[in-house]
Structures are given as C-alpha cells and as structure tokens.
Amino acid sequence: MKKVEVHASTPYDVLIGSGLSAKIGEYLIELGRSGKVMIVSDTHVAPLYAEGVADELVYRGFEPSIFTFDAGEESKNLKTYTDLLAFLAEEGFTRTDTVLALGGGVVGDLAGFAAATYMRGIHFVNMPTSLLAAIDSSVGGKTAVDLPQGKNLVGAFYQPELVLFDTDFMKSLPYDEIRNGLGEGVKYAVLEGGEIFDILSSGLTSENLEDFIALSVDAKRRIVEADEKEGGLRKLLNLGHTVAHAVETLTEFVVPHGVAVAYGVRVMARLACDRGELAEEEFFKIEELLLENDLALELNPIEELIPFFSADKKKAGKTLTLVTIAGIGDCRLTDVDIEDVPHYFGVE
C-alpha cells in the first residue's frame, strides 16, 4: 500500500492499494466517524460495488444509505445535486454523519459539493473507482456541478477527510476508462517530467500502477498545499484544460474528459513548438508519450474551439490564463487578452 499525506486546510491521507475497499469501515472508525453514511454512486459503479461497501459499513456498526444517479457528465447538474440534498434530509443526516463518494470524477464532484453545502458542511470521504479520479479529481478539494453555460461553474473548495483507492477497481475498468485516466496522466507527465514521464513512456503495468498513482497524487499535493484555492500556482494543473473543456462542450461530452485533456496537451505542445518556445526534441518526446498511450488524436480544430474559451473559468475579465509548455517539467502561466487569443493560436 502507498500513502500520500495531504496537508491542506483539512489534512488527510490518500491510500492506494489492493483490497482497501473491504476495510472502509475500519478507516472511518479511525477517523472518529460513526452513525449514518450516504454512499453516492452512479448506475455504472453502484451495481458493482455499492452493496459490498454498504455491507462492510453495516458490519462495522454504521447505517448506510445508497443514492444512485444516471452515469455521465450530463447528470452532474443542479437537479441531481438538489435530489441528493433532499435524500440526505429525508434520511435524517446531520453534521455528524458522512457522505462517501463511490465512483469516478463526476460522482466525486457531485457528492463533494453536496457534502460541502448540506447543513453548511458534513464529513466527506472519497473512494474513487476510476484511474482518472484516483490520480486527479479525488484530491485537492474541488467540488462542483455544471450549468448549461459551462463546466463546473457552481461549486466549492471542500477537502475530503480521506481518499481511498482500491487498485482492484482497475480490474473492472474497460479499456476506454483506463485510456481516459491516462489522458490526465499525460498532463502530470508533462508538468512533472521525471518518473511519471518515464512510467507512461514505457507503459503503465500492474507492477508500476501504485507508483504511478502515488507520484501523480504527490505532484498534485505539492501544488495544492502551496495554493489550495487556485490563486496562482494551482492553475498549472489546468494544463490542456482550456482546450479540453471546449472539446467536451462542443461534442456534448461524447469525448471524455481525460482524452480531451490529452488532446489539449498536444495542442499546447504543438503551439509552443510552432512559436519557438518548446524545442522540437521535447515536442517529439511528448508526441511519443501520446502515441504510447493511444492518445495521439486529432479532434476538433482550434478554429472551432476558440469561441468556447470565453466561458472558461480561467478567464478573468478580458484575460485568459493559459498553461504553456516551455519544456517537459517546465510549464508556465501565460496571460492572453481574450481578443488576441485567435492570433496567439495562429488563427487569423
């Protein structure tokens, strides 16, 4: 088992290893939790794991309930959020009780936001079941739901009290979900370089899985601890995301988040190379990394995506903050006037 300690406003551990889900009750007791637990999951994950987690909680003396919603980004909306709040109230949850997210990033975002706002905040534990959620969205305290106008426009910073990833969950993930997680992994590989880049360049295996997840989480930990509420440095974690969110919106989320992020990284690497800011040798290494992980894709051309950048959360006033690539392990924040964005991307 690997453990990463996150020293945010609420300190917590990220535990990574085989068979951990069968011990969730023990870990909650160690946290001093008791009483009711709301297991929040979706229609893909709940049939696989929710009852098993509930049985473990009952065995440890907890009173679990299960809230399940339709899988997919389209369910991460205000209606599902208010349905969950209403269910918490109907089940008599109080501030001493716990919300437990069991699923991917959509589940974690939704459950975390409900935990942050129900009774002004109740206990929250995250059990990611996807690779993408394990290495990224489950850590750092970002919770949110979407509006028709854009992704993650309503939310809160709310740290979990524990993140637990049972690597056995990987056994039930289809190839597309693993590939989706690798897309977010590419972001960390380019941000960090070093071991993460080396692991993904040679290929993720069962032998290096725990190391890869722990290294990715630790990379995010360092940034979150330095800038918990995204005042500056944490914006580096948005590498590839301006393009990715535009792709997701334009395709109505047919292209999944991690794949869209990998495409965003590729666009930014190509742009940096064209502008003379990234050496060709470094660009080709990033291209090879994408090829190794089946992520060297050509999706929507930049001309179609730029109109969506004005709705990006990384826009402040008339300025868009982009994460640009000067080298592997050397990414920077670059402010561009929104009117100059087409010229910056070479679109006249």
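Quick one: how many residues across the range 321-339 are surrounded by 13 or more Cβ atoms within 10 Å (Cβ to Cβ) and over 25 Å from GLU280 (Cβ atoms)?
Residues flagged as surrounded by 13 or more Cβ atoms within 10 Å (Cβ to Cβ) and over 25 Å from GLU280 (Cβ atoms) within the range 321-339 amount to 2.
Of all residues in the range 322-348, which are over 26 Å from the mean Cα position of the chain (by Cα), assigned to a strand (DSSP E or B) and within 17 Å of HIS241 (Cα to Cα)?
none
Pick out the one residue from ALA272, ALA246, ALA260 that is surrounded by 16 or more Cβ atoms within 10 Å (Cβ to Cβ), among the small types (Gly, Ala, Ser), farther than 16 Å from GLU192 by Cβ and in contact with a strand residue (DSSP E or B) (Cβ under 7 Å, 6 or more places away or on another chain).
After ruling out the rest, the residue left standing is ALA272.
Would you confirm whether or not the range 84-96 contains a residue that is under 21 Å from GLN159 (Cα atoms), assigned by TED's automatic domain parsing to the domain that holds VAL163, out of contact with any helix residue (DSSP H, G or I) (no Cβ under 6 Å at 6 or more places or on another chain) and not β-branched (Val, Ile, Thr)?
Yes, some residue in the range 84-96 is under 21 Å from GLN159 (Cα atoms), assigned by TED's automatic domain parsing to the domain that holds VAL163, out of contact with any helix residue (DSSP H, G or I) (no Cβ under 6 Å at 6 or more places or on another chain) and not β-branched (Val, Ile, Thr).
Working carefully through the options ASP168, ASP146, ASP198, find the one that is in a helix (DSSP H, G or I) and in the same structural domain as PHE113 (by TED's automatic domain parsing).
Answer to the check: ASP168.
To keep it simple, each residue is scored yes or no on (1) crowded, with 23+ Cβ neighbours inside 10 Å; (2) closer than 25 Å to VAL267 by Cα.
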{"site": "GLU192", "(1), (2)": "no, yes"}
{"site": "VAL217", "(1), (2)": "yes, yes"}
{"site": "ALA226", "(1), (2)": "no, no"}
{"site": "LYS229", "(1), (2)": "no, no"}
{"site": "GLY240", "(1), (2)": "yes, yes"}
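Among the residues of the range 28-65, what is the count of those that are outside any helix (DSSP H, G or I) and either β-branched (Val, Ile, Thr) or within 26 Å of the chain's Cα centre (by Cα) (or both)?
Count: 13.
When residues of the range 13-36 are filtered for being out of contact with any Gly (no Cβ under 9 Å at 6 or more places or on another chain) and either of a type in the set (Val, Ile, Thr) or closer than 19 Å to TYR49 by Cβ (or both), how many remain?
12
Would you call THR117 more than 25 Å from LYS171 (Cβ to Cβ) and hydroxyl-bearing (Ser, Thr, Tyr)?
Yes: the conditions hold for THR117.
Looking at (1) more than 20 Å from LEU164 (Cα to Cα); (2) at pLDDT 95 or above; (3) surrounded by fewer than 24 Cβ atoms within 10 Å (Cβ to Cβ), which one does ARG234 not meet, given that it meets all the others?
With (1) more than 20 Å from LEU164 (Cα to Cα); (2) at pLDDT 95 or above; (3) surrounded by fewer than 24 Cβ atoms within 10 Å (Cβ to Cβ) applied to ARG234, the lone miss is (2).
Are any residues in the range 67-79 touching a residue at least 40 places away in the same chain (Cβ under 8 Å) and assigned to a strand (DSSP E or B), and if so, which ones?
If the condition is that a residue be touching a residue at least 40 places away in the same chain (Cβ under 8 Å) and assigned to a strand (DSSP E or B), then PHE69 is the only one that fits.
Give the residues of the range 112-124 that are assigned to a helix (DSSP H, G or I) and surrounded by fewer than 24 Cβ atoms within 10 Å (Cβ to Cβ), sorted by residue number.
ALA116, THR117, TYR118, MET119, ARG120
So that you can scan it fast, the table gives a plain yes or no per residue for (1) part of a helix (DSSP H, G or I); (2) in contact with a helix residue (DSSP H, G or I) (Cβ under 9 Å, 6 or more places away or on another chain); (3) assigned by TED's automatic domain parsing to the domain that holds GLU248; (4) β-branched (Val, Ile, Thr):
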position	(1), (2), (3), (4)
GLY181	yes, yes, yes, no
LYS187	yes, yes, yes, no
VAL190	yes, yes, yes, yes
GLU207	no, no, yes, no
LEU215	yes, yes, yes, no
ASP218	yes, no, yes, no
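Within the range 85-105, count every residue that is within 15 Å of ILE39 (Cβ to Cβ) and surrounded by 21 or more Cβ atoms within 10 Å (Cβ to Cβ).
Residues meeting the conditions: 10.
Would you mind telling me which numbered condition in (1) of a type in the set (Gly, Ala, Ser); (2) without any contact (Cβ under 8 Å) to a residue 60 or more places away in the chain; (3) farther than 19 Å from ALA189 by Cβ ALA296 fails?
Among (1) of a type in the set (Gly, Ala, Ser); (2) without any contact (Cβ under 8 Å) to a residue 60 or more places away in the chain; (3) farther than 19 Å from ALA189 by Cβ, ALA296 violates only (3).
Please tell me if ASP109 is crowded, with 22+ Cβ neighbours inside 10 Å, of a type in the set (Asp, Glu) and either within 21 Å of LEU295 (Cα to Cα) or not assigned by TED's automatic domain parsing to the domain that holds SER34 (or both).
no
For the range 143-155, give me the residue count where each residue is closer than 30 Å to LEU200 by Cα and surrounded by fewer than 24 Cβ atoms within 10 Å (Cβ to Cβ).
Residues that pass the stated criteria total 3.
List the number of the failed condition for THR82; all other conditions in (1) in contact (Cβ under 8 Å) with a residue 12 or more places away in the chain; (2) part of a helix (DSSP H, G or I); (3) hydroxyl-bearing (Ser, Thr, Tyr) hold.
Of everything listed in (1) in contact (Cβ under 8 Å) with a residue 12 or more places away in the chain; (2) part of a helix (DSSP H, G or I); (3) hydroxyl-bearing (Ser, Thr, Tyr), THR82 misses just condition (1).
The values are calculated or read from the model by the stated rules, or taken from the named source; none is laboratory data. Quick caveat: nothing in here was measured; it's all calculated off a predicted structure. Every residue, glycine among them, receives a Cβ derived from its backbone with ideal geometry; neighbour counts consider all protein chains shown.
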